[in-house]
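First the structure, in the form of structure tokens, and then the observations on it.
What follows draws every value from the coordinates through simple rules; no lab data is involved. Source: prediction; values computed, not measured. We place every Cβ from the backbone using ideal geometry, glycine too, and count neighbours over all the protein chains shown.
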């Protein structure tokens, strides 16, 4: 009652009301501070996301640049790669020779060169960054015209002596690529021999024989050494007989000698052309197979 008389009750009510409002304000402040913290955290998170996104953009840009470089290098590599390598039989080669011989460039527009060692300056200048394509197939007959319409490297079965020339047409001889005229053709293996006389692609006469040569021996020791000696003796006798037959058969016509490299190097025979071939079977079949393989021209489209 005293508080009422003195007016304190009203004041206390006001104080209580203010304290409630203060508590409410404090709660609101805490809520706002919490929201501010949350907003700040989201802002920081947004900044982190932005940085991550920028890093990904940079990574992707670097990757794109790498891929573009690879595409450019790939394009450059393609530009210095052969357009094709084609083994052509002498029958098809006859048609190709006719087509090449009909190519007329006018005054000195067709270049021909049989390259046996270093590249002529004309070839290096014409092919420039692609000159290694020619160098890799030496010995070869290189043909190109001053407009770059034809660019070929040929591996002729019977290559001519080294030469180079500018003319209005390409310098080509049938005998370099296809069977021409009369010649003797022989195949010698360590256990097989065959020789034939040809007039062009026509076989007019053939001789041949096979020798009984031991196969490989898998045992070691003394028996192995003795076996190998006997085998080598058999091979030597076979090659001796082959050389004798070639000398008796071969007359004034050119001789083409084919077989494995080790056998050809062993034979004491004067031949116009030596070539390594992979032919087997009976003497008749092996000679026919060797003939087809020898008279195949590899054509490189540069």
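Here are a few things to note about the model shown:
- Most mobile of 84, 196, 208 in a GNM of the chain (Cα contacts under 10 Å): 84
- Cα-derived Rg over Rh, computed across the stretch 156-275 with Rh taken as Kirkwood radius: 1.13
- Spin-label model, residue 180 to residue 25: label points 7 Å out along the Cα-to-beta-carbon direction sit 11.7 nm apart.
- Cα pair count fraction exceeding 36 Å, expressed as % - the chain: 53 percent
- Our helix-only sum for the chain, with -39,500 (n - 2.57) per DSSP H run of n ≥ 4 divided by its residues, gives a mean residue ellipticity at 222 nm of -16500 deg cm²/dmol.
- Degrees separating the helix 283-294 axis from the principal Cα axis of the chain, which is the longest one: 50 degrees
- Part-to-part distance (alpha-carbon centres) for the stretch 270-302 and the stretch 115-130, which is given in Å: 29 Å
- Neighbour counting of Cβ atoms within 10 Å sorts the residues 258, 296, 204, fewest neighbours leading, into 204, 296, 258.
- Shape class of the stretch 87-176 from the alpha-carbon gyration tensor: oblate, with a/c at 1.5 or above and b/c at least as large as a/b.
- Short-range pairs are left out: with C-alpha atoms under 8 Å and at least six residues apart, the relative contact order of the stretch 182-294 is 31 percent.
- Nearest 10 degrees, 0 to 90: helix 90-101 Cα axis against the chain principal axis: 80 degrees
- GNM on the chain, alpha-carbon springs under 10 angstrom: the most fluctuating residue among 233, 13, 68 is 13.
- Here 142, 25 are placed in order of increasing Cβ neighbour count within 10 Å, fewest first, which gives 25, 142.
- Folded to 0 to 90 degrees: helix 8-79 orientation relative to the chain principal axis, Cα: 10 degrees
- Footprinting exposure proxy ranking of 209, 193, fewest other C-beta atoms within 10 angstrom first, gives 209, 193.
- Working from Cα pairs under 8 Å separated by at least six residues, relative contact order for the chain is 19 percent.
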